[in-house]
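I have placed the structure first, in the form of structure tokens, so that the comments after it can refer back to it.
The values are calculated or read from the model by the stated rules, or taken from the named source; none is laboratory data. Small disclaimer: the values here were computed from a predicted structure and weren't measured. Here the Cβ positions follow ideal geometry from the backbone for every residue, glycine too, while neighbour counts run over all protein chains shown. With ligands, DNA and RNA removed, areas are computed over all heavy atoms of the protein, side chains included. Shrake-Rupley method; radii C 1.70, N 1.55, O 1.52, S 1.80 Å.
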Amino acid sequence: MDTLWRDGSRASQVYFISGGHKPINLHQWGPGVRDVYALHFIIRGQGTLETGGQQFRLGPGESFILFPQKEIYYYPDPVDPWEYVWIEFNGRDAGRFVDMTQLSVRHPVLPAAPKTMAPWFHLGWNAGASPGEVLRADARLHLLLSYYMEFFPSEKQAETRDDVWMAKTYIEQNYWQSSLTVAEIVQAVNLERSYLFRKFKEATGESVSTYITACRIRRACELLESSQLSIQSIAYSVGYNDPLYFSRVFKKATSYTPSAYMMLHQKRAGR
């Protein structure tokens with residue numbers, strides 16, 4: 001990962017830029033625009049955000065965000081000025097992450113959080129420029145945003161939950177574990193067993209257990225075609241501790257034994 005904060009080629013497509021703490025004072029900013037997303041959490045006191053022709057009065061526990069290239073003006077209450085923490089971030093996927101919360105350009109504020117969010121903002125402040133520090137800052141930013149997604153989920157987020165995609169993704173990430181079971185997948189996606197079975201069958205035309213096998217055999221084919229691994233190593237790599245059992249499952253799925261499949265593709269590659 002590059003150590004430059006604004007390097008768009010960085011592996012993390014939502015990345016930390018800066019953050020800080022504003023103690024009680026009469027600091028104000030704007031009217032003006034920023035190039036980044038800037039999320040604020042109010043610890044105490046009150047203040048006002050003006051943007052998009054709207055005015056939002058804010059107090060303890062509430063949050064507001066500044067969107068890139070949207071004119072904003074924010075200032076403290078003269079009698080009870082606010083104290084707040086903030087974090088700036090950007091990246092290709094930053095807008096998508098924000099869209100997973102209730103924050104929007106038309107409504108850039110959130111009500112009081114169920115618990116103080118200040119500690120999660122503090123985590124990124126001391127980030128330096130070393131690769132390790134940059135990586136930790138990005139990870140802590142993701143953690144902070146995950147809490148906002150959890151506490152203030154968007155309607156779109158709830159509507160777009162794809163249970164079958166979640167199950168397939170879990171299988172594709174864990175097919176290599178010989179201990180992988182349907183019960184484990186059901187628990188991972190937090191769904192009732194019969195409901196997942198029905199939705200999975202409707203979407204894929206296969207049962208969950210059949211999809212697990214298909215995923216393992218597909219990966220085994222790739223390894224047989226492109227690697228120099230032994231049949232035993234390939235069997236272990238795709239979740240089968242018994243190479244003989246793997247061979248039987250593979251032949252049933254492809255009509256070839258693993259050895260025959262490997263030889264066939266070696267001959268084709270040699271043409």
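Here are the numbers for the structure shown:
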read-out: Within the range 46-114, trypsin sites (Lys or Arg not before Pro) in DSSP loop having at most 15 other beta-carbon neighbours inside 10 Å; value: Lys70, Arg92, Arg106
read-out: Given charges at Cβ of Lys, Arg, Asp, Glu: the chain dipole, positive-most of Tyr256, Pro31, Tyr147; value: Tyr256
read-out: Estimated dipole of the range 15-157 in Debye, rounded to 20 [Cβ of Lys and Arg +1, of Asp and Glu -1, Cα centre]; value: 120
read-out: Radius 11 Å from Cβ of Val109, net charge of other residues (Lys, Arg +1; Asp, Glu -1); value: +1
read-out: Relative contact order of the chain, defined on C-alpha pairs under 8 angstrom at six or more residues apart (%); value: 16
read-out: Quotient of C-alpha Rg and 2.2 N^0.38 Å, computed over the range 9-113; value: 1.04
read-out: For the range 64-157: accessible area per residue (Å², 1.4 Å); value: 48
read-out: Intensity falloff of the chain expressed as log10 I(q)/I(0), Debye formula with alpha-carbon point scatterers, at q = 0.09, 0.14 Å⁻¹; value: -0.62, -0.99
read-out: The range 113-260: proportion of alpha-carbon pairs further apart than 23 angstrom, %; value: 57
read-out: In order through the range 88-99: 3J(HN,Hα) via Karplus (6.51 cos²θ - 1.76 cosθ + 1.60), integer Hz, x for Gly, Pro; value: 9, 8, 7, x, 4, 9, 4, x, 5, 5, 5, 4
read-out: Helix-only mean residue ellipticity at 222 nm for the chain, each DSSP H run of n ≥ 4 adding -39500 (n - 2.57), per residue, nearest 500; value: -13000 deg cm²/dmol
read-out: Rounded to whole Å, sorted largest first: equivalent-ellipsoid semi-axes of the range 217-265, Cα gyration tensor; value: 14, 13, 9
read-out: Cβ-derived FRET efficiency at R0 41 Å, Tyr75 paired with Glu222, nearest 0.05; value: 0.10
read-out: Among Gln232, Leu180, Gly91 the positive-end extreme of the charge dipole of the chain (Cβ point charges); value: Gln232
read-out: Within the range 163-270: Cβ-based charge dipole about Cα centre, in debye rounded to nearest 20 (Lys, Arg +1; Asp, Glu -1); value: 360
read-out: Charged-residue dipole, Cβ positions (Lys, Arg, Asp, Glu), the chain about Cα centre, Debye nearest 20; value: 1240
